[in-house]
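Comments concern the structure below.
The values are calculated or read from the model by the stated rules, or taken from the named source; none is laboratory data. Just so we're clear, the structure is a prediction, and the values are computed from it rather than from any experiment. Methodologically, a virtual Cβ is constructed for each residue, glycine included, from the backbone with ideal geometry; neighbour enumeration extends over all protein chains shown. Just so you know, the surface numbers come from the protein's heavy atoms only, side chains and all, with ligands and any DNA or RNA stripped out. Shrake-Rupley method; radii C 1.70, N 1.55, O 1.52, S 1.80 Å.
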Amino acid sequence: MIYLSTPFSRAAADRLEEMNISAYKIGSGECNNYPLIKHIASFGKPIILSTGMNDIKSVKKSVEILENAKISFALLHTTSMYPTPYSKVRLGALNDLKKYFPNIPIGLSDHSVGNYTSFAAIPLGASIIEKHFTSNKKWAGPDIQVSIDPKELHELIIGCQAIKESLGGKKNILKEEQPTIDFAYACVVSIKNIKKDGIFSKENIWVKRPGTGEIKAKDYFKIIGKKAKYDISNNK
């Protein structure tokens, strides 16, 4: 766990620097506070910048400052409403951040209730998820309504990791699926005794599990109308 803090002034940033913190979070309200961003960037530490209440034009200026400082940084999409209605979360904004800042890590600072939108952000390219946290939702405070508790935080961490691990891949057949294929696939079998030179039809052949026979179900229609080369007993 890494200690971070969000300075809202130059004095606060200087105090944090005296504490030698590892990185800085800059809140949405300071996203277009270019003098403060430049000051914090001068420390040479990584920065996570929230972009709520700002459009791409204003974010571009902040990005330029951070790039000129040659530091590592990331951008978080945010809606500065507490709580944020799901209809105002605008996960599509993550696509805008990827489009205009393709080489910069992006994430979501989520002020909606629960973990749903945070989970949804992972497939859209979010590599950072920020949520408000409280040990007890019965406490008083302005952020309690949008905060998650220890159980939800655990679910958020496990869920995000699971979703990230499950992304990617193609629609192909895995070699690990072969044991399942062997019993789940169906093969063409006789459903009654068939004499040599008998014509295969839906009355005497069908498809059944397991999938270990020579002729798979996918080839059933190729067999219909052909002749048997030898006597075939039922269920062979």
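Values for this structure:
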| read-out | value |
| --- | --- |
| Relative contact order %, the chain, counting alpha carbon pairs below 8 Å whose residues are six or more apart | 11 percent |
| Candidate residues Ile40, Ile215: accessible-area rank, largest first, probe 1.4 Å | Ile215, Ile40 |
| Rounded, prolate or oblate (a/c below 1.5 giving rounded, otherwise prolate when a/b exceeds b/c) for the chain by Cα gyration tensor | prolate |
| Efficiency of FRET between Asn103 and Lys138 - r from beta-carbon atoms, R0 45 angstrom, step 0.05 | 0.55 |
| Long-range tail of P(r) for region 121-221 (Cα pairs > 23 Å, %) | 60 percent |
| Accessible surface of region 10-145 [probe 1.4 Å, protein heavy atoms]: carbon and sulfur percent | 53 percent |
| Size of charge dipole - the chain - debye, nearest 20, with Cβ of Lys, Arg +1 and Asp, Glu -1, no other charges | 1440 debye |
| Distance in nm between pseudo-label sites at Asp149 and Lys196 (7 Å out along the Cβ direction from Cα) | 7.9 nm |
| Surface accessible to a 1.4 Å probe, per residue, for the residues of the chain, Å² | 64 Å² |
| Prolate/oblate/rounded label for region 181-236 (Cα gyration tensor, a/c 1.5) | prolate |
| Total charge dipole magnitude, region 140-236, about the Cα centre, Cβ charges on Lys, Arg, Asp, Glu only, Debye to nearest 20 | 1240 debye |
| Antiparallel bridge percentage (DSSP; both residues within the chain; nearest 5) | 30 percent |
| Sum of -39500 (n - 2.57) over DSSP H runs of 4+, divided by residues of the chain (222 nm, nearest 500) | -9000 deg cm²/dmol |
| Compactness of region 1-49 as Cα Rg over 2.2 N^0.38 Å, two decimals | 1.00 |
| Cut-off 11 Å between beta-carbons: net charge of the residues surrounding Asp231, Lys and Arg +1, Asp and Glu -1 | +3 |
| Relative contact order (percent, whole number), region 97-236, Cα cutoff 8 Å, 6+ residue spacing | 18 percent |
| Mean separation of Cα contacts under 8 Å (6+ apart) over length of region 20-103, as relative contact order % | 29 percent |
| Three principal axis lengths of region 1-84 [C-alpha, angstrom, descending] | 33, 30, 24 |
| Dipole magnitude of region 1-54 about its Cα centre (Cβ charges: Lys, Arg +1; Asp, Glu -1), debye to nearest 20 | 60 debye |
| Cα lying deepest toward the dipole's positive end in the chain, options Asn68, Ser87, Asn136, charges on Cβ | Ser87 |
| Calculated FRET value between Glu203 and Tyr230, using beta carbons and R₀ = 22 Å, to 0.05 | 0.70 |
